[in-house]
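To keep things clear, I will list the structure first and then write my remarks on it.
The values are calculated or read from the model by the stated rules, or taken from the named source; none is laboratory data. The shown structure was predicted, so the numbers you read here are calculated from the model rather than taken from an experiment. Don't worry about glycine lacking a Cβ; one is built from the backbone with ideal geometry, like all the others, and counts go over all protein chains shown.
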């Protein structure tokens, strides 16, 4: 089994490299500095969101609220600072509190009311967006406050020539990697994805863990939103209506994190991010119309899910048959 | 031509490991053929090949004298081979009649017509089952009847049973035997797998014994006796050696502190007003047939069962009244439950032996951010593979790749590292090879010697008698009798357990 998954990861990486080469040769604009920056920017946001999504998917959950959380929390923060004249710091605290509340509601509904994660988070996404659009801010696009040090730093600063945005993505990837690999929390995530019933009987705090995971995805979405606002000097609520959540899922599934849980890690997210980023960027340069782009992405996502369900079947019974009980 | 089915040099391997190898097997018309063997001998694989679940890697399968390809269980059924699995394949929410004709419905499916048809059909088989009853309301014996009726309806000429009597009460067993004989009179051939040698000797015409994926013996039943079968199964005669000897020469341990005391515990119709106590430093054997509520009672105690139907009663653990709603607080307080179904709720299949065992210690910790020590994992793995004699070629091997016995040992180790004060073993040796049974029993005795309260749930009487210092018998959701292990016999226990 591990051999197959390794090659899956390898195939994705190879595919990304091949596409890079093809695009560089075929598209004169692909290898320009401006384009690489654009590519990396779009990819980093997706990658950061993918880190959060990957975490819940490994634990056999899913969080479709992430984009709504990102859009609404950051738009609210921006609206509070620019329109209501609040200081940036208290506004950030309020945004943080909102994100935590969203995560708690998601987690409690899934863990304690035992509503399937996919429906809970789908509906919560709509609720969060509705509340945000209805009460928290009035206009579609919120601009970052003029001359704010934080957004200036996130958007323009570089460390050894590397934009802050990529540094943030890599740093966050490092944190998630370490948490998954070295901490008790990480072990619990894998255990829950592998076998929820066994986790429960072994005495793992299964329900608090689910709540914690959704709070963490909320926090990650908040960070991703702040960076997004910094790099494009604002946050548009249209992001919520875009296909971004599917791009995030594409990153996770294409990278090789099985939807059946318990498998994969940060490496898979990095590989998935790279491939999706190159793909989206190449299509944009080739001037593939938006609708066709979405169709292509959708087909790739579908194929990735099909391949995933063949390699990592969710049904324990079929998994055993593969193994052949003697 | 009297041969219905023939296997020639049949081989099936999984990833290069043969489960059965060069098996020759013949089955005559109207024959009852028992397949016996230890766990892992290849019985299930052989029957699953005949039922179309697996396809042969090499060799030939002749059905009715013609080479046959059984692509799937549905395909096998079309050709006249039906398999009744250990776990029934019925849809619980449908009625008996709907289940019999499942997959055969007409476009306009009139229920009334279906019931009349089913009634006639069931009566023609002498089955007294209400066609309008929901399958979920039937007992194990009746469910089996419905499965058989379904097979007959599909005009099966060969029926395969995997452990058909495991879940039946003695009375149901008697009816089942008559039924099998009646099917034989109608010209249907029967293959059944069993662990109960007496049943095979009583019921079958011919016996095939498998050992390590090969045919160890195949002969008319009249030429077999118990000793010869056991000899063929294990390659040596150990009749009575496994359980008998240790049970006879043993002095039961005394009573330690009272650890658990249960009063008037009730839950739905499964656990009914039961009361009993458990003491430290001894092994309490809990015996009961299927439906006796023995597992459910223990799952309530350890918080494993989601108690939707809790109907009251008190549980005291070390004099403190407790009511666990999830296993976590129970585990932290020192009550550990070792499941009977290790695949579904026992081990973590993507993880290695050391990761599995370490999760036991991680689970009882509090700080989620504490760093996991790989050195500790290695040391735990080494300590427990030695102590329980877990055999793995590679210490980093995934648990799913181990044999049933070794998997069970990993699950036991994972629970033992949680420093339990009371440990509950539910069918600790189900699906475990003979060698591992001895080692698991030795370990259970060791635990009791260190002063832990040990509960062993088992439906296998020799195991209960060999291990227990004190025996509790459950019947219809209640502990009905307590016995001293010195005076208990299989007959006395069984007498208390049946109703």
Within segment B:266-286, which residues are modelled with pLDDT of 90 or more and crowded, with 16+ Cβ neighbours inside 10 Å? B:276, B:277, B:278, B:279, B:280, B:281, B:282, B:283, B:284, B:285, B:286
Do we find a residue being at pLDDT 85 or above and within 30 Å of residue B:435 (Cα to Cα) anywhere in segment B:55-72? yes
Residue in segment B:325-339 that is surrounded by fewer than 21 Cβ atoms within 10 Å (Cβ to Cβ) and part of a strand (DSSP E or B) present: no
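Looking only at strands (runs of 3 or more DSSP E) that fall completely inside segment B:1-107, which ones have 2 or more residues that are within 29 Å of residue B:202 (Cα to Cα) and out of contact with any helix residue (DSSP H, G or I) (no Cβ under 9 Å at 6 or more places or on another chain)?
Numbers: elements: B:3-14, B:17-28, B:32-36, B:58-63, B:81-84.
Per the criteria, B:3-14, B:17-28.
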Hey, residue A:279 more than 14 Å from the chain's Cα centre (by Cα) and either modelled with pLDDT under 90 or away from every other protein chain (no Cβ under 14 Å) (or both) or not: yes
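Quick check on my filter: what residues within segment B:347-374 are in a strand (DSSP E or B) and either crowded, with 21+ Cβ neighbours inside 10 Å or facing chain A (nearest Cβ under 7 Å) (or both)? Quick ask: steps written out before the conclusion?
From segment B:347-374, those in a strand (DSSP E or B) are B:352, B:371; that's our starting set.
Hit for segment B:347-374 is B:371, nothing else.
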Can we say residue B:456 is surrounded by 21 or more Cβ atoms within 10 Å (Cβ to Cβ), more than 14 Å from every other protein chain (Cβ to nearest Cβ) and in contact (Cβ under 8 Å) with a residue 12 or more places away in the chain? yes
Evaluate the following for residue A:145: is it more than 14 Å from chain B (Cβ to nearest Cβ) and either under 20 Å from the mean Cα position of the chain (by Cα) or surrounded by 15 or more Cβ atoms within 10 Å (Cβ to Cβ) (or both)? yes
Got at least one residue in segment B:395-404 being in contact with a helix residue (DSSP H, G or I) (Cβ under 7 Å, 6 or more places away or on another chain), part of a helix (DSSP H, G or I) and touching a residue at least 12 places away in the same chain (Cβ under 8 Å)? yes
Number of the condition not met by residue A:290 [criteria: (1) farther than 21 Å from residue A:65 by Cβ; (2) surrounded by 23 or more Cβ atoms within 10 Å (Cβ to Cβ)]: (2)
So residue B:337 passes all but one of these: (1) more than 7 Å from chain A (Cβ to nearest Cβ); (2) within 24 Å of the chain's Cα centre (by Cα). Which condition number does it fail? (1)
Which residue out of B:304, B:344 is within 7 Å of another protein chain (Cβ to nearest Cβ) and either within 16 Å of residue B:417 (Cα to Cα) or assigned to a helix (DSSP H, G or I) (or both)? B:344
Working only within segment A:191-208, note down all residues that are at the interface with another protein chain (Cβ under 8 Å from one of its Cβ atoms), surrounded by fewer than 24 Cβ atoms within 10 Å (Cβ to Cβ) and assigned to a helix (DSSP H, G or I). A:197, A:200, A:206, A:207
